[in-house]
Structures are given as C-alpha cells and as structure tokens.
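The values are calculated or read from the model by the stated rules, or taken from the named source; none is laboratory data. This one's a predicted model, so the numbers in the text were calculated from it and none came from an experiment. Glycine also receives a Cβ, built like all others from the backbone with ideal geometry; neighbour counts cover every protein chain displayed. SASA here: full protein model, heavy atoms, side chains in, ligands and nucleic acids out. Shrake-Rupley method; radii C 1.70, N 1.55, O 1.52, S 1.80 Å.
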Amino acid sequence: MSAHAAPLPSRDAIVAAAEESIARGSKSFGAASRLFDPETRERAWLLYAWCRRCDDIVDGQDHGHGMRRVADAEARVAEVRRLTDRALDGEVIGDPAFDALRIVAAEVGLPRRLAHDLIDGFQLDAEEWRPRSEADLYRYCYHVAGAVGCMMALVMGVSPDDEATLDRACDLGLAFQLANIARDVEEDDRAGRCYLPDEWLAEMDIPPGQHMKPPFRDRLVVLARRLATRAEAHEASARVGTKALSRRSAWAVLAAAGIYGDIARKVARRGPAAWDHRVTTSKWEKLAWIARSWLAARGRMAIPDTPRPSELWTRPRR
C-alpha cells in the first residue's frame, strides 16, 4: 500500500453502514434481525446491504424509496453484476454494500450462483419483462426474493447441500414477494410495471394496462386475494423449515413471517381500499409478532414433519 492510499474500511465500519442501511430500508426486516445472535445478525445486515444497494442502483431508488423508470436499466444491471463478481472474487470495492457482500460471502461460503440468481431478477425488470403465467410469476419471485431466502438460510448456518431446508427458506422469500406484489400493485403501475400474470388478467377480463382503472377494482381485489392465499401457503411451508435452525434464528424467521404475512392479510381484508394508502405493520404489531414468535420458536420442534406440498412451485436445481 502506498503512503497516500486510503486505509481499508474495517469490518466493523462496514457492518455499521449495513445496520444503517437496514434501518432506512426495511423496518420490518430490521426489527426481525435484532432477534438473531450477534454473529448471524451482522451477517444478515451485510447481506441485506448488498441486496438493497443492487435494487437501488437498478431502480434509481434511495433505500427502496422513490422507484422510477430509468433509461439505462440494462447498463445498471451490468454494473451490479460486474461489482458483485469482483466482490465475490474477494476484491475490495470501496462501496460499503459490495464490500459487505465480499465479507459475508467469504464467511458463509455463499455460492456464486445464488448471487447471480438475484441479479437475473433485476435483469428481468430491466428488460421490462412481464409474467404470462403463474409459473412465470413464481420464477420472478424466486429470482428477486426466493434466492435471498436461500442466501439468508446460509447466513443462519444451513448447509448449501441441505436442499430440503433451502426449499423452505425459498418458500419464505416467495411468500414475502407475493405479499409485496399484492401491496404494491398501484406503485408498480406508476413505474410502468405489472407482476400480475397475463393469464390472470385475461381470466378476469381486465384489458392489459388497465388493472388500476376504477371499473376493474373489484376484479383486482380477487387477484390480490389470490396472491395473499398463495403467500400464506408458502409461509406455512417455510415455518416447517425453522426446525433446522437455532432457536434465535427460528425466532427471527417466525417473526418476519408473521410481520410480512400481515401485509398480505391486510391487503386481502381491505378489498377495494387496499391501494388507497400503503399497507404497513405498526410498531405494536411488530412487537406482538416478536412476542408470539418467541413462544413459537421454543415449541417449533413440535411442528409436524409434513412433506412440502407437491403443488407448491419449486426453485430450480443446478
């Protein structure tokens, strides 16, 4: 190192930046992450910081806020992929979020393919891709959230060879994303996006691009409730996977499942008013889920070892 080179940022400094990122970007995940043991908590923050930064770069956001259409989306995805590969190669990037990935990937043995699976989801958005079928919807949800669930499982100590537990972790990511899609239909529409499958829209006789128009609001409610039902099925599957986790990790996962599950449930209950104001969970609702989940984590070994339902979409194997 030359006399004028800037000192490398310490792990503590990068963790602190990651903690700030999660506090600004996701109050729900931030609250749940506090339940992990200190080592797992820091690694979860590091992984979150990279995911958040990638999403912000591609969508022109600031910690998930202010999504807008960008003219150079594909170039942004290419830059994210380039920086990610450098970080996975162990190179110091100088961007706290990509250096966070460098650290957590080395500490947990993160497979490169999982990081690329997430970026492939950003590529779909950059190409203005839209799902034609329900299977397409699940494929998208896997790339942008299910893969993150798998990476989080590795952060929590799950072996990369434990396919059954990774399937359950993927289910939780799918549940989260299905809830997000139900909640964010109006916000996505303003950004020129729609994640409702074309086949669903045709089934409800909703013309392309018209789903937010008032005459179709009751039909849109049917599809939002369908998303909520699908999310609930994947959430239930994910709960079985908590038996493979430590008690504190299971506590965090179960709390997150309840908090995010409430988003889908509220959208379903609100009906036509679901998109008048953004659905959120209050501080007290989060605290209630944290308390309930502590008890659920203690009793998780009593959850029946039911096979994963065959009708659930299954992540790709490689």
Filtered residues of region 7-30 (kept if under 20 Å from Cys150 (Cα atoms) and either of a type in the set (A, V, I, L, M, F, W, C) or touching a helix residue (DSSP H, G or I) at 6+ places or on another chain (Cβ under 6 Å) (or both)): Ala18, Ile22, Ser28, Phe29, Gly30
Does region 37-48 contain any residue that is open to solvent by less than 30 Å² (accessible area, probe 1.4 Å), outside any helix (DSSP H, G or I) and either at pLDDT 95 or above or within 17 Å of Leu118 (Cβ to Cβ) (or both)? no
Would a scan of region 271-289 turn up a residue that is in a helix (DSSP H, G or I), at pLDDT below 95 and basic (Lys, Arg)? yes
Test: residue in region 179-195 that is of a type outside the set (A, V, I, L, M), part of a helix (DSSP H, G or I), in contact with a Gly (Cβ under 7 Å, 6 or more places away or on another chain) and closer than 30 Å to Arg298 by Cα: no
Are there any pairs with C-beta distances below 9 angstrom linking a residue in region 5-19 that is farther than 14 Å from Phe98 by Cβ and of a type in the set (A, V, I, L, M) to a residue that is modelled with pLDDT of 90 or more and outside any helix (DSSP H, G or I), with the two at least 6 apart or on different chains, and if so which? Ala6/Gly94
Every residue from region 277-286 that is free of Cβ contacts under 8 Å to residues at least 60 places away in the same chain and either β-branched (Val, Ile, Thr) or open to solvent by less than 100 Å² (accessible area, probe 1.4 Å) (or both): Thr280, Ser282, Glu285
Only one of Arg139, Arg132 is of a type outside the set (Ser, Thr, Tyr), under 14 Å from the mean Cα position of the chain (by Cα), at pLDDT 95 or above and farther than 16 Å from Ala257 by Cα. Can you tell me which? Arg139
With open to solvent by 20 Å² or more (accessible area, probe 1.4 Å), at pLDDT 95 or above and part of a helix (DSSP H, G or I) as the only criterion, which of Arg82, Arg52, Arg24 stands out? Arg82
Among the residues of region 228-235, is any part of a helix (DSSP H, G or I), within 19 Å of Val148 (Cα to Cα), charged (D, E, K, R) and open to solvent by less than 20 Å² (accessible area, probe 1.4 Å)? yes
What residue, of Ile181, Ile206, is in contact with a Leu (Cβ under 8 Å, 6 or more places away or on another chain) and either surrounded by fewer than 16 Cβ atoms within 10 Å (Cβ to Cβ) or free of Cβ contacts under 8 Å to residues at least 24 places away in the same chain (or both)? Ile206
Report the residue count in region 298-318 for those that are surrounded by 12 or more Cβ atoms within 10 Å (Cβ to Cβ), closer than 15 Å to Ala244 by Cβ and charged (D, E, K, R). 2
Residue satisfying condition, being open to solvent by 20 Å² or more (accessible area, probe 1.4 Å), in contact (Cβ under 8 Å) with a residue 40 or more places away in the chain and closer than 18 Å to Leu83 by Cβ, within set Val108, Val148: Val148
Among the numbered conditions (1) open to solvent by less than 40 Å² (accessible area, probe 1.4 Å); (2) at negative phi; (3) out of contact with any Cys (no Cβ under 9 Å at 6 or more places or on another chain); (4) in contact (Cβ under 8 Å) with a residue 60 or more places away in the chain, tell me where Tyr195 comes up short. (3)
Enumerate the helices (runs of 4 or more DSSP H) found wholly within region 93-154, keeping only those where 2 or more residues are basic (Lys, Arg). 112-126
Going by what's in this entry, would Glu127 be described as open to solvent by 30 Å² or more (accessible area, probe 1.4 Å), farther than 21 Å from Trp45 by Cβ and modelled with pLDDT under 95? yes
